[in-house]
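Single-structure report; data block below.
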Amino acid sequence: PHKSRVTVVGSGNWGSVASKLIASNTQKINSFHDEVRMWVFEETLPSGEKLAEENVKYLPGIKLPKNVVADPDLEHAVRDANMLVFVTPHQFMEGICKRLVGKIRKDAVAISLIKGMEVKREGPCMICTLISKILGISCVLMGANIANEFSEATVGYREDKEIAEKWVRLFNTPYFMVSTVEDVEGVELCGTRKNVVALAAGCNNEDWLERDEGLLKLLFPSVKDNTFFESCEVADLITTCLGGRNRRCADAFARNGGKRSFDELEAEMLQGQKLQGVSTAKEVYEVLHHRGWLELFPLFATVHEICSGRLAPSTIVEYTEHSARLP
Ligand code: NAD
Ligand code: 13P
């Protein structure tokens, strides 16, 4: 049989690490073509240099293996691949998918490592669903992994276990353990939700381990209970709330009493990397508002009101005290 060819769409912090991880496996496993293509959103650095194989901006100091080939041409990068790994900040995905219609192989399958969602008139649209709707293909991979200290993940799949296992072979290493669960929405929603909770943690909410699985099930009744025991749920929640970018920026936001905006802090602290929690909080808020559920999920509603400057960061503590007094 022909070897599978992998392209990674995205080359930020996690995109670069994921490419490195995948490339170490494609070198060893015969069923994959050695070369991993990585689409790079082309940027000219202040030095005049262009982003290339050593991702000096998003993964400084780490050389990517020789079998990772950076490609700034999106169409060219995906043309020969039958395994597509999507890993860009979520806000860019809709545009990217539209550009890819009719440009990918007919037998291509895809996986999304992206945490976030879009809100459409008809309700929330998970990124994986967006990819499926536009390109007709997809699985998800989420879990307790911060790019520079990756460790484990869960692959969520819909029906096709064989494809899920192929993704596990591509990602699994002794230092990155991957399991599977037949629940795309559950896995993705866990990853999406915890970026909002990490903002609450940064604003000194001590209840961040509160697990609002109720919201996930209300949004998508198909979400399964056993998904909550996988890496994508509590392990990722703890990892991100303790050390992620959302947590760090929210810490700084709260220390400044909300006087410096998240946009300003993101630009200064992350140097081009993107926060997903702030826009996700807004998206979750819109869904809650639209469905009349704001009072059911005050933590999520309060986080958005803090991020948008309507409430002070300290409100999150008052919220915690208030909800502790509820019967
Ligand atoms: P990042 O935060 O490093 O994002 C920057 C990337 O976006 C760069 O590659 C940049 O070139 C690109 N970019 C900027 N403007 C763009 C545009 N207009 N169009 C397309 N691309 C553009 O990215 P990341 O850390 O790889 O995160 C990607 C996804 O992976 C996110 O959803 C994130 O939540 C998720 N994730 C990240 C981590 C992590 O530790 N970094 C871990 C797990 C999951
Ligand atoms: P941050 O974007 O907060 O660093 O979280 C990364 C992540 O998704 C870890 O699973």
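For the range 235-250, a residue qualifies if it is among the β-branched types (V, I, T) and out of contact with any helix residue (DSSP H, G or I) (no Cβ under 7 Å at 6 or more places or on another chain), and the qualifying residues are I238, T239. No other residue among L209, L216 is under 21 Å from the mean Cα position of the chain (by Cα), free of Cβ contacts under 8 Å to residues at least 40 places away in the same chain, away from ligand 1 (no atom under 16 Å from the Cβ) and not in a helix (DSSP H, G or I) apart from L209. Restricting the first member to the range 264-286 and to residues that are over 12 Å from C249 (Cβ atoms), and the second to residues that are part of a loop (DSSP other than H, G, I, E, B) and acidic (D, E), the beta-carbon pairs closer than 9 Å and six or more apart or on different chains are G272/E43.
So in the range 1-30, with the set limited to residues that are in contact with a strand residue (DSSP E or B) (Cβ under 6 Å, 6 or more places away or on another chain) and assigned to a loop (DSSP other than H, G, I, E, B), which one is farthest from ligand 2 (Cβ to nearest atom)? Per the stated criteria, the residue is K3. Just one of the listed residues (I137, I131, I111) is within 16 Å of ligand 2 (Cβ to nearest atom) and either outside any loop (DSSP other than H, G, I, E, B) or of a type in the set (A, V, I, L, M) (or both), namely I111. Of the numbered criteria (1) in a helix (DSSP H, G or I); (2) farther than 19 Å from D160 by Cα, the one D80 fails is (1). Residues of the range 179-196 that are away from ligand 1 (no atom under 13 Å from the Cβ) and in contact with a helix residue (DSSP H, G or I) (Cβ under 6 Å, 6 or more places away or on another chain): T180, V181, D183, V184, G186, L189.
Restricting K120, K98 to those that are closer than 30 Å to L216 by Cβ, of a type in the set (D, E, K, R), at pLDDT below 90 and surrounded by fewer than 23 Cβ atoms within 10 Å (Cβ to Cβ) reduces the list to K120.
The set of residues in the range 140-176 being away from ligand 1 (no atom under 15 Å from the Cβ) and either part of a strand (DSSP E or B) or under 25 Å from V287 (Cβ atoms) (or both) consists of Y157, R158, T173. Here the condition is being in contact with a Gly (Cβ under 9 Å, 6 or more places away or on another chain) and either at pLDDT below 95 or loosely packed, with under 14 Cβ neighbours inside 10 Å (or both); of L219, L215, L237, it holds for L219 alone.
The values are calculated or read from the model by the stated rules, or taken from the named source; none is laboratory data. Here the structure is a predicted model, which means the values were calculated and not measured. Counting neighbours? That spans all protein chains shown, and the Cβs are built from the backbone with ideal geometry, glycine included.
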